[in-house]
Structures are given as structure tokens and as C-alpha cells.
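*Asks:* The structure that follows is given in the form of C-alpha cells.
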Amino acid sequence: MTTASKPPERERHPWWKGARGEWWVVGQGVLMAALVVTPAAWRWEAPGRLLWGGAGGLLILLGLGLAALAMRELGSSLSPLPRPRRRAVLVQTGLYARTRHPIYGGLILAAVGWALVSQSGLHLLLAGILTGYVYAKAVREETFLLQRFPEYADYRARTQRMIPRIFWPTRETARAILRGRSREPGQMPR
């Protein structure tokens, strides 16, 4: 008599061990909360205060709109965790045809907008820290995505990381800019 073998069970890790990147989400949440609830400090009195506040308000709306649209486009593949869901698909259309992490880009725009509205040096510092943090989270997420989706390497080569043509060019592009060389016609920085 033969017995059918069961497929091996997937090893389950407690969330607090961070196997899917849970601590990245906790850190991001703490930084976002700090940005919103921390009182303004190191305020600056800039000429055109209303103009700075208006620009900040527009950045907040643009950032939140960008993040909301990107979340909608991800559909069932959406997860706050860096490691993709088991049934996730690699979305390469819509906003994701131009940038790999538009949610993070929107979050950065909104954070900078908040600092401009509050005209607070402390909020600007927190926005900068949040920017560095989500950049590091995106790098970690891309490691997981490369393991999961073989086509991710090609996708990464043709798209920007956060906000098209603004944040973090590739090393080659940055070196070319520093040396005063322009890129090839039609070549976008990554």
C-alpha cells in the first residue's frame, strides 16, 4: 500500500521575525507618524510664506494622488511588505510603466509638501529621513522582486526607481553628469 505524500508545508515565521520585511513597514509607519504629529520646530520665515504653503499643499495633493492611483493599479498585488505576495503579479503598466515605486514617490512628495506647509526645519529633516528610509526599503524590495520575477531585471533597466527623471539616477548616469557628459539621446536616468 502506497501513501500519497503531502507537499511540504511552507515554513511560517512569526511576523516579529520580519521574514517578509515587517520591520521595514513598522519603521516607515513610525517615521510617517512622527512627521505628522511632531510639532513644527526650527521654523523659517520665508518671503512669500503663502506661496510656500500653496506649493506644499499642491505637493501633498500630488503625492497622495500619485500614491492612491499606484495602489489602485497594483490591485491584489498590493502589500505594504517588501516581499511580494505569493499570488502577486509584476505590474508594468500605467504608472508602473515609468517608475517602479510610485507609491514611495508619492509618499516623498507628500512629506516634502507637509514640511513646506508647516515651514518647519524639523519636518523637512523628517521628510529627508523618510526619503532615505523608503529608498532603502525599495532597494530591499527589489532584491525580493528579482528573486521572484525573472523579468524584473529588464523592467528595472527601463524604468525609474521613484519619481521619473527626478530621484536617484543610476551610478553611470550620475558619473556622467558629474563629468559633464550628457546621456545618449532618448536615454533616461534610472
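*Asks:* Just name the residue that is surrounded by the fewest Cβ atoms within 10 Å (Cβ to Cβ) out of those in the range 74-115 that are under 15 Å from Glu151 (Cα atoms) and more than 13 Å from the chain's Cα centre (by Cα).
*Replies:* Thr93
*Asks:* Right, next: Looking at Ala46, Ala19, Ala55, Ala40, can you tell me which residue is touching a residue at least 12 places away in the same chain (Cβ under 8 Å), surrounded by 12 or more Cβ atoms within 10 Å (Cβ to Cβ), outside any helix (DSSP H, G or I) and over 20 Å from the mean Cα position of the chain (by Cα)?
*Replies:* Selected residue: Ala40, the only one of Ala46, Ala19, Ala55, Ala40 that is touching a residue at least 12 places away in the same chain (Cβ under 8 Å), surrounded by 12 or more Cβ atoms within 10 Å (Cβ to Cβ), outside any helix (DSSP H, G or I) and over 20 Å from the mean Cα position of the chain (by Cα).
*Asks:* Moving to a separate point now. Could you tell me how many of the residues in the range 116-125 are part of a helix (DSSP H, G or I), crowded, with 19+ Cβ neighbours inside 10 Å and not hydrophobic (A, V, I, L, M, F, W, C)?
*Replies:* Residues in the range 116-125 being part of a helix (DSSP H, G or I), crowded, with 19+ Cβ neighbours inside 10 Å and not hydrophobic (A, V, I, L, M, F, W, C): 2 in total.
Rule-based calculations on the coordinates, nothing more; no lab input. Quick caveat: nothing in here was measured; it's all calculated off a predicted structure. Every residue, glycine as well, gets a Cβ built from its backbone with ideal geometry; the counts of neighbours run over all protein chains shown.
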